[in-house]
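Novice: Take this structure, written in structure tokens, and hold onto it; I'll ask about it next.
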Amino acid sequence: MASPSYTVLVTGSSGHLGAALMLTLPSQGHTPLGIDILPSETTTIVGSVTDRPLIASVLSQNPSIAHVIHAATLHKPHVESHPKAAFIDTNITGTLVLLEEAAASLPPSRIKSFIFVSTTSTFGGALSPRPGRPAAWIDESVVPVPKNIYGATKCAAEDLCALAHRQSSLPVLVLRTSRFFPRPTTTRTAAPPWPTRTSRADIADVVSAVVCGMAKAADLGFGKYIVSAPPPFSRADDSGGGGRRFCGAWTRTRAPFFGRPCPGARLCLRSSDGGSSSGWTGCTTPPRRSGTSGGGPSGLLNGSSRGSGEGRIGGAS
């Protein structure tokens, strides 16, 4: 039987996001080929993104591949278990290999999009203002201040993406995703009572943002976008301390507040007691999914690119 005509190369296909992409892309009219160092039902080829001959072979033997989604990475939890050199090898060298091989693919302009899945962890210290200072408002204009090897290597990989676009005109979009839910290890008894406190995006919306980026990259050329649920208050709310007063009231009245739909967040209560021990009540009506008032990730790239090549695809994490 003839092999499929693959149209998308997905790295990290055994991971949480990579597997979700592999399972979703066919419904969007794509045929994905997955690469990961770990075998799984969603991985086509077991191998490393740092293996240049392998990546070159995959692209040359599958000339129908027109999109590259780079989701393979060493994550923040690996900081405690892996040496810094491993982060440099995977997150920087692996990204460079993919960018260069994608740019060298024939015929010229064959690759219509290169989507680099980055992280809001790149912002690092910028997320935590000094005591007494106003709360940080994070958008694409904020300069990252990485605070560990994970953030530093993802920042370096983002710079390589920008360089590759300038040198070869490869269409590259950097999607800085916040932590997303549900997590693969989540269970009713193991999950925290309010996972959206730290997980600021539905994985389905992250997948949607990637698919949107694939369609828009050729027109945008290059851009960096935050992919996250918007905060439940606006920047104007903080003028004159209003945001602090709002947050204080929000904290004091959290149980009745979360008995109603919460703007911009999806409440997932999975604790064995339904969250009652933590003082939370579940949403009676599901609020809107992560994204902005523009209608969700599928429409957010329209006209959002600024002169610097950076735009907005969601709120801050």
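Novice: Look at the stretch 61-95 and say how many of its residues are touching a Leu at 6+ places or on another chain (Cβ under 8 Å) and either on the phi > 0 side of the Ramachandran plot or free of Cβ contacts under 8 Å to residues at least 12 places away in the same chain (or both).
Specialist: 1
Novice: Can you go through THR122, THR153, THR93 and tell me which one is of a type in the set (Val, Ile, Thr), assigned to a helix (DSSP H, G or I) and either modelled with pLDDT of 95 or more or surrounded by fewer than 19 Cβ atoms within 10 Å (Cβ to Cβ) (or both)?
Specialist: Values: THR122 fails: either modelled with pLDDT of 95 or more or surrounded by fewer than 19 Cβ atoms within 10 Å (Cβ to Cβ) (or both); THR153 fails: either modelled with pLDDT of 95 or more or surrounded by fewer than 19 Cβ atoms within 10 Å (Cβ to Cβ) (or both).
None of the others qualify; the one that does is THR93.
Novice: Evaluate the stretch 134-141: report whether one residue or more is closer than 21 Å to SER13 by Cα and within 19 Å of the chain's Cα centre (by Cα).
Specialist: Step one: filter the stretch 134-141 for residues closer than 21 Å to SER13 by Cα, giving none.
No - not one qualifying residue is present in the stretch 134-141.
Novice: Could you list, in sequence order, all residues of the stretch 58-79 that are modelled with pLDDT under 95, within 19 Å of THR93 (Cα to Cα) and not in a loop (DSSP other than H, G, I, E, B)?
Specialist: Matches in the stretch 58-79: LYS76, HIS78, VAL79.
Novice: Now for a separate question. Suppose we filter the stretch 1-57 for residues that are of a type outside the set (A, V, I, L, M) and assigned to a loop (DSSP other than H, G, I, E, B); how many remain? Full working, then the answer.
Specialist: Step one: filter the stretch 1-57 for residues of a type outside the set (A, V, I, L, M), giving 3-7, 11-16, 18, 24, 26-32, 34, 36, 39-44, 47-48, 50-53, 57.
Next, from what is left, pick out any that are assigned to a loop (DSSP other than H, G, I, E, B): 3-7, 12-15, 29-31, 39-44, 47-48, 50-51.
Selection size over the stretch 1-57: 22.
Novice: Next up: What residue, among those in the stretch 14-37 that are among the β-branched types (Val, Ile, Thr) and under 28 Å from PRO53 (Cβ atoms), is surrounded by the most Cβ atoms within 10 Å (Cβ to Cβ)?
Specialist: Per the stated criteria, the residue is ILE35.
Novice: Can I ask one more? Being in contact with a strand residue (DSSP E or B) (Cβ under 7 Å, 6 or more places away or on another chain) and at pLDDT 90 or above: is that true of GLY213 here?
Specialist: Numbers: in contact with a strand residue (DSSP E or B) (Cβ under 7 Å, 6 or more places away or on another chain): yes; at pLDDT 90 or above: yes.
For GLY213, the condition - in contact with a strand residue (DSSP E or B) (Cβ under 7 Å, 6 or more places away or on another chain) and at pLDDT 90 or above - is met.
Novice: Let me ask another. Looking at SER60, SER109, SER105 in this structure, which one is of a type outside the set (Lys, Arg), under 18 Å from LEU173 (Cβ atoms), surrounded by fewer than 18 Cβ atoms within 10 Å (Cβ to Cβ) and over 23 Å from the mean Cα position of the chain (by Cα)?
Specialist: Numbers: SER60 fails: under 18 Å from LEU173 (Cβ atoms); SER105 fails: surrounded by fewer than 18 Cβ atoms within 10 Å (Cβ to Cβ).
It is SER109.
Novice: Every residue in the stretch 90-110 that is charged (D, E, K, R) and over 16 Å from PRO53 (Cβ atoms), please.
Specialist: First pass over the stretch 90-110, keeping only residues charged (D, E, K, R): 100-101, 110.
ARG110 - this is the single residue of the stretch 90-110 that is charged (D, E, K, R) and over 16 Å from PRO53 (Cβ atoms).
The values are calculated or read from the model by the stated rules, or taken from the named source; none is laboratory data. Because the structure is predicted, anything quoted here is derived from the model rather than measured. As a convention, Cβ positions derive from the backbone with ideal geometry for all residues, glycine included, and neighbour counts pool all protein chains shown.
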